[in-house]
Amino acid sequence: MRLKDKLAVITAGASGMGRAGVELFLREGAKVCAVDIDNEALAKLQAEVEPEGKSLFTVQADLSTPEGARQSIHQAAEKLGGIDVLWAHAGSPGPGGIERLDIAEYQKALALNVQSATLGAGEVIGYMRKRGGGSLIFTASVSGMVGSMWSPVYSSCKFAVVGLAKSLAQTFAPDNVRVNVVCPGLADTPMKLGFTGRDGDLKKAAAAEAKMMAMIPLGRLVQPMEAAYAVLWLASNESAFVTGIELPVDGGFTSK
């Protein structure tokens, strides 16, 4: 098993790519703590994936707040007995344009996409040092590699996450902590409509999705488990000499 005896935390772990990661990490031998704001979804995850609770633990937290972002790491570490891997996956689409921008919505997007990743990394490093090293993985996006005309706020947030990871890869290298970023394309998850259908018009959302798929060489959306497998590699010892990279999982979208 590729993560045998590893202690892993996955934020936004109750649905979508995060949930796929929880299931995959458990199959690969890790003890996992899923962090999410949705307590009902966490309970459903526990009941459906590992009812005995021997290898799966949960923490309910609002990561858009400094207290939630920080304390969730300490709560997870207490339940697991330490942390070897953190997949900082939490994020949100945020507002679409910047004209007449709602400052509260803008700040909320910054808090969840950038602040939570930064604060989580700052809290987890101490636990990883105690374990002799670790793997810190952020979720950015293809929109953190190339600009998005539809989501400039989200894109700017994800460029910030990529920059954060590249900086921390150098900062934490002496601690044997690797820092990398996974960059999925548009994914077939509940959050998809947050990008394609911000105004609630499902016909426009379908047209936007079709336009996006036409730009992807492999011609389809990312499946949650496909992103999770990329993260699994970054979390495992198979990528022991890999740090500071942005790994696209995008069907070739950024190859052009």
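Quick notes on this one:
- Residue in segment 25-70 that is surrounded by the most Cβ atoms within 10 Å (Cβ to Cβ), counting only those that are of a type in the set (Val, Ile, Thr) and outside any loop (DSSP other than H, G, I, E, B): 35
- Of the set (1) over 24 Å from residue 225 (Cβ atoms); (2) crowded, with 23+ Cβ neighbours inside 10 Å; (3) in contact with a Ser or Thr (Cβ under 7 Å, 6 or more places away or on another chain), all apply to residue 73 but (3).
- Residue in segment 100-115 that is surrounded by fewer than 21 Cβ atoms within 10 Å (Cβ to Cβ), at pLDDT 95 or above, part of a helix (DSSP H, G or I) and of a type in the set (D, E, K, R) present: yes
- Residue in segment 118-134 that is within 17 Å of residue 22 (Cβ to Cβ), modelled with pLDDT of 95 or more, within 18 Å of the chain's Cα centre (by Cα) and not acidic (Asp, Glu) present: yes
- Of the helices (runs of 4 or more DSSP H) lying entirely inside segment 175-244, those containing at least 1 residues that are at pLDDT below 95 and over 23 Å from residue 157 (Cβ atoms) span 202-214.
- Residue check for residue 209: under 27 Å from residue 7 (Cα atoms) and among the charged types (D, E, K, R): no
The values are calculated or read from the model by the stated rules, or taken from the named source; none is laboratory data. Since the model is a prediction, treat every value here as computed from it, not as a measurement. Note that we place each Cβ from the backbone using ideal geometry, even for glycine, and neighbour counts take in every protein chain shown.
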